[in-house]
1. Return yes or no: is GLY84 small (Gly, Ala, Ser), over 20 Å from VAL119 (Cα atoms) and under 14 Å from the mean Cα position of the chain (by Cα)?
2. Picking from ARG112, ARG36, ARG68, which residue would you name as being closer than 13 Å to GLU11 by Cβ, of a type in the set (D, E, K, R) and out of contact with any Lys or Arg (no Cβ under 8 Å at 6 or more places or on another chain)?
3. Out of ILE48, ILE96, ILE132, ILE23, report the one residue that is modelled with pLDDT under 95, surrounded by 15 or more Cβ atoms within 10 Å (Cβ to Cβ) and under 23 Å from GLY144 (Cα atoms).
4. Residues that are β-branched (Val, Ile, Thr): find the helices (runs of 4 or more DSSP H) completely inside region 78-148 holding 2 or more of those.
5. Yes or no: region 32-52 includes at least one residue that is without any contact (Cβ under 8 Å) to a residue 60 or more places away in the chain, part of a helix (DSSP H, G or I) and in contact with a His (Cβ under 9 Å, 6 or more places away or on another chain).
6. Kindly provide the set of residues from region 102-115 that are under 16 Å from SER25 (Cβ atoms) and either more than 12 Å from the chain's Cα centre (by Cα) or in contact (Cβ under 8 Å) with a residue 40 or more places away in the chain (or both), ordered by number.
Amino acid sequence: MDSFMQAAIDEARKGYDAGGVPIGSVLVHRGVIIGRGHNQRQQRGSAILHGEMDALENAGRLAAHVYRETVLYTTLSPCVMCSGAILLYGIPEVVIGENSTFQGDEALLRQRGVTLTVVDDPQCKALMERFIAERPEVWYEDIGESGI
């Protein structure tokens, strides 16, 4: 297991343990984690704090060239909002834990030159499947769907 993906999974578990959607993310620059986060929409009553957005926020304001040298690790395929942030900051590479419970805008990211690696991690998939089964109303609200 890649240590950076494991760090993202650890973040996802923090989110789950706090009652939120279990999606975690870390932003890595030159082999060092510079930002980490997890979905906190429920915990903070936020409209935008998905795991990727939280990791970017926690990395702080960085020079544009730094983002262009990073790799974003996320436990779930990035949604349209998070894909937009990836493109806005020029993040060139995203490592995705799994994309079977939800597939975000991977086609747009690839079209715009972002390198995507889907590792299909069983831990990521099991955590999401468990959460979706336990709290489908929160899940569907999080992805902007009416759901069930």
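1. Working: small (Gly, Ala, Ser): yes; over 20 Å from VAL119 (Cα atoms): yes; under 14 Å from the mean Cα position of the chain (by Cα): yes.
So GLY84 passes the test.
2. Exactly one residue qualifies, and that residue is ARG36.
3. Details: ILE48 fails: surrounded by 15 or more Cβ atoms within 10 Å (Cβ to Cβ); ILE96 fails: modelled with pLDDT under 95; ILE23 fails: modelled with pLDDT under 95.
None of the other options fit; the residue is ILE132.
4. Details: elements: 80-88, 106-111, 122-134, 136-142.
Fully inside region 78-148 and qualifying: 80-88.
5. Within region 32-52, one or more residues are without any contact (Cβ under 8 Å) to a residue 60 or more places away in the chain, part of a helix (DSSP H, G or I) and in contact with a His (Cβ under 9 Å, 6 or more places away or on another chain).
6. Narrowing region 102-115 to residues under 16 Å from SER25 (Cβ atoms): 102, 104-106, 109, 114.
Selection gives PHE102, ASP105, GLU106, LEU109, VAL114.
The values are calculated or read from the model by the stated rules, or taken from the named source; none is laboratory data. Just so it is clear, the model here is predicted, and its values are computed rather than measured. Because the Cβ atoms are built from the backbone with ideal geometry, glycine has one as well, and the counts that use them run over all protein chains shown.
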